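Each remark here refers to the structure printed beneath this line.
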């Protein structure tokens, strides 16, 4: 079921997004894991278009929050306001109460406002004035940030960034893809015409099915070994958390299911490790001075941890 629906969703999204099959599959992995996606790239690459195309294809409600320095936590979660006519307080829901939420340029908001997302992303609920409200399912936050511009930005704290299941860099299109983009958008924007090819109930059923994907003990131990190796690396000051280990486990299940398998291979873990772990690591100052990057360190770790072999 997962492979068939994923193929249908991917083909539908590619009516708007040219190429980028791997990026679309990673967005589907986040959806299947009830996780969240951090899209980090320069403006104009298609981050917002991807989020809107995914929401339209899933048939989910969609809200976009433009993060700015003057954005308040109540602008995200909502607030209780006093209705003078009825002489009572009423709850005005914020844009976070949606199934797919695009947090655009999340690093432009203050840490106080960024923290308004913590409870929503982890517990899938919000608490306002002591009242807790559950968020709709499926629930997916897709956040974007520009890695080039640093002026007027606030780096995401570790507690916030650890709640993103995956970090994905979309990258520039190839020459052929860029030419296809010009042709596709020549007459009109195809996004408003994009039709729904799945339902929220179907996605929830797929999320339950993903949990049944088999992970052999040796592969499970391999996932743990990769995560623990980040904590013992001399060039890493802060390694992957147990939440990151769980994220790698869940993402590997989802990736296997999308490929049409009911079991996880070590190759699934090796492919997903950079997307799951890179943004969670804090490298040492000495490593930074040597120009080392988290992606390089994760590649070194994956290459150094013994891969389980059948038999």
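Filtering the stretch 123-132 down to residues that are touching a helix residue (DSSP H, G or I) at 6+ places or on another chain (Cβ under 9 Å) and surrounded by fewer than 20 Cβ atoms within 10 Å (Cβ to Cβ), which residue is nearest to residue 163 (Cα to Cα)?
Keep residues of the stretch 123-132 that are touching a helix residue (DSSP H, G or I) at 6+ places or on another chain (Cβ under 9 Å), which gives 125-128, 132.
From what's left, surrounded by fewer than 20 Cβ atoms within 10 Å (Cβ to Cβ): 125, 127-128, 132.
Values: 125: 14, 127: 18, 128: 21, 132: 20 Å.
My answer is 125.
Give me a count of the residues in the stretch 272-294 that are surrounded by fewer than 16 Cβ atoms within 10 Å (Cβ to Cβ) and outside any loop (DSSP other than H, G, I, E, B).
Residues that pass the stated criteria total 5.
Under 16 Å from the mean Cα position of the chain (by Cα) and either under 19 Å from residue 77 (Cβ atoms) or part of a helix (DSSP H, G or I) (or both): does that describe residue 167? I'd like the intermediate steps shown before the answer.
Working: under 16 Å from the mean Cα position of the chain (by Cα): yes; either under 19 Å from residue 77 (Cβ atoms) or part of a helix (DSSP H, G or I) (or both): no.
When the stated conditions are applied, residue 167 does not pass them.
Quick check on this structure: which one of 303, 244, 287, 273 is out of contact with any strand residue (DSSP E or B) (no Cβ under 8 Å at 6 or more places or on another chain) and either assigned by TED's automatic domain parsing to the domain that holds residue 22 or more than 18 Å from residue 35 (Cβ to Cβ) (or both)? I'd like the intermediate steps shown before the answer.
Numbers: 244 fails: either assigned by TED's automatic domain parsing to the domain that holds residue 22 or more than 18 Å from residue 35 (Cβ to Cβ) (or both); 287 fails: out of contact with any strand residue (DSSP E or B) (no Cβ under 8 Å at 6 or more places or on another chain); 273 fails: either assigned by TED's automatic domain parsing to the domain that holds residue 22 or more than 18 Å from residue 35 (Cβ to Cβ) (or both).
Answer to the selection: 303.
Is it true that residue 219 is surrounded by 17 or more Cβ atoms within 10 Å (Cβ to Cβ), in contact with a strand residue (DSSP E or B) (Cβ under 8 Å, 6 or more places away or on another chain) and either farther than 18 Å from residue 53 by Cα or not assigned by TED's automatic domain parsing to the domain that holds residue 248 (or both)? Talk me through it step by step, then tell me what you get.
Working: surrounded by 17 or more Cβ atoms within 10 Å (Cβ to Cβ): yes; in contact with a strand residue (DSSP E or B) (Cβ under 8 Å, 6 or more places away or on another chain): no; either farther than 18 Å from residue 53 by Cα or not assigned by TED's automatic domain parsing to the domain that holds residue 248 (or both): yes.
No: the conditions fail for residue 219.
Determine if the stretch 188-197 includes at least one residue that is over 19 Å from residue 21 (Cβ atoms) and in a helix (DSSP H, G or I). Step through it out loud before you land on a result.
First, the residues of the stretch 188-197 that are over 19 Å from residue 21 (Cβ atoms): 188-189, 192-193, 195-196.
Next, only the ones that are in a helix (DSSP H, G or I) stay: 192-193.
Checked against the condition, which is being over 19 Å from residue 21 (Cβ atoms) and in a helix (DSSP H, G or I), the stretch 188-197 yields at least one hit.
Inside the stretch 296-311, can you point out the residues that are assigned to a helix (DSSP H, G or I) and crowded, with 16+ Cβ neighbours inside 10 Å? Reasoning before the result, please.
Within the stretch 296-311, the first condition is being assigned to a helix (DSSP H, G or I), and the residues that meet it are 296-304.
Scanning the stretch 296-311 gives 297, 298, 301, 302.
Yes or no, residue by residue, for (1) at pLDDT 90 or above; (2) in contact with a helix residue (DSSP H, G or I) (Cβ under 9 Å, 6 or more places away or on another chain):
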position: 25; (1), (2): yes, yes
position: 36; (1), (2): yes, yes
position: 41; (1), (2): no, yes
position: 83; (1), (2): no, no
position: 95; (1), (2): yes, yes
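Being free of Cβ contacts under 8 Å to residues at least 24 places away in the same chain and either in the same structural domain as residue 163 (by TED's automatic domain parsing) or surrounded by 18 or more Cβ atoms within 10 Å (Cβ to Cβ) (or both) is the requirement here; does residue 230 meet it?
Values: free of Cβ contacts under 8 Å to residues at least 24 places away in the same chain: no; either in the same structural domain as residue 163 (by TED's automatic domain parsing) or surrounded by 18 or more Cβ atoms within 10 Å (Cβ to Cβ) (or both): yes.
Taking the combined requirement at face value, the residue does not satisfy it.
How many residues, within the stretch 81-99, are touching a strand residue (DSSP E or B) at 6+ places or on another chain (Cβ under 8 Å) and either exposed (fewer than 14 other Cβ atoms within 10 Å of the Cβ) or outside the structural domain of residue 56 (by TED's automatic domain parsing) (or both)? Let's see the steps before the verdict.
As a first pass, look at the stretch 81-99 and keep what is touching a strand residue (DSSP E or B) at 6+ places or on another chain (Cβ under 8 Å): 81-83, 88-99.
Still in the running and either exposed (fewer than 14 other Cβ atoms within 10 Å of the Cβ) or outside the structural domain of residue 56 (by TED's automatic domain parsing) (or both): 81-83, 88-90, 92.
Summing the residues that are touching a strand residue (DSSP E or B) at 6+ places or on another chain (Cβ under 8 Å) and either exposed (fewer than 14 other Cβ atoms within 10 Å of the Cβ) or outside the structural domain of residue 56 (by TED's automatic domain parsing) (or both) in the stretch 81-99 gives 7.
Is it the case that the stretch 100-107 has a residue that's surrounded by 12 or more Cβ atoms within 10 Å (Cβ to Cβ), free of Cβ contacts under 8 Å to residues at least 40 places away in the same chain and either more than 22 Å from residue 251 (Cα to Cα) or in the same structural domain as residue 38 (by TED's automatic domain parsing) (or both)? Step through it out loud before you land on a result.
Initially, the stretch 100-107 is screened for residues surrounded by 12 or more Cβ atoms within 10 Å (Cβ to Cβ), giving 100-107.
With free of Cβ contacts under 8 Å to residues at least 40 places away in the same chain added as a condition, the list becomes none.
The answer is no; no qualifying residue exists.
If you check residue 69 against the conditions, is it farther than 28 Å from residue 22 by Cα, outside the structural domain of residue 276 (by TED's automatic domain parsing) and surrounded by fewer than 19 Cβ atoms within 10 Å (Cβ to Cβ)?
Values: farther than 28 Å from residue 22 by Cα: yes; outside the structural domain of residue 276 (by TED's automatic domain parsing): yes; surrounded by fewer than 19 Cβ atoms within 10 Å (Cβ to Cβ): yes.
Yes: the conditions hold for residue 69.
Of the residues that make up the stretch 151-173, is at least one out of contact with any helix residue (DSSP H, G or I) (no Cβ under 7 Å at 6 or more places or on another chain) and either surrounded by 18 or more Cβ atoms within 10 Å (Cβ to Cβ) or free of Cβ contacts under 8 Å to residues at least 40 places away in the same chain (or both)? Show your work before the answer.
Taking the stretch 151-173 first, the residues out of contact with any helix residue (DSSP H, G or I) (no Cβ under 7 Å at 6 or more places or on another chain) are 151, 158, 169, 171-172.
Applying the additional criterion that residues be either surrounded by 18 or more Cβ atoms within 10 Å (Cβ to Cβ) or free of Cβ contacts under 8 Å to residues at least 40 places away in the same chain (or both) yields 151.
There is at least one residue in the stretch 151-173 that is out of contact with any helix residue (DSSP H, G or I) (no Cβ under 7 Å at 6 or more places or on another chain) and either surrounded by 18 or more Cβ atoms within 10 Å (Cβ to Cβ) or free of Cβ contacts under 8 Å to residues at least 40 places away in the same chain (or both).
The values are calculated or read from the model by the stated rules, or taken from the named source; none is laboratory data. Computed from a predicted model, the values in this text were never measured in an experiment. All Cβ positions, even for glycine, are placed from backbone atoms using ideal geometry, and neighbour counts span all protein chains on display.
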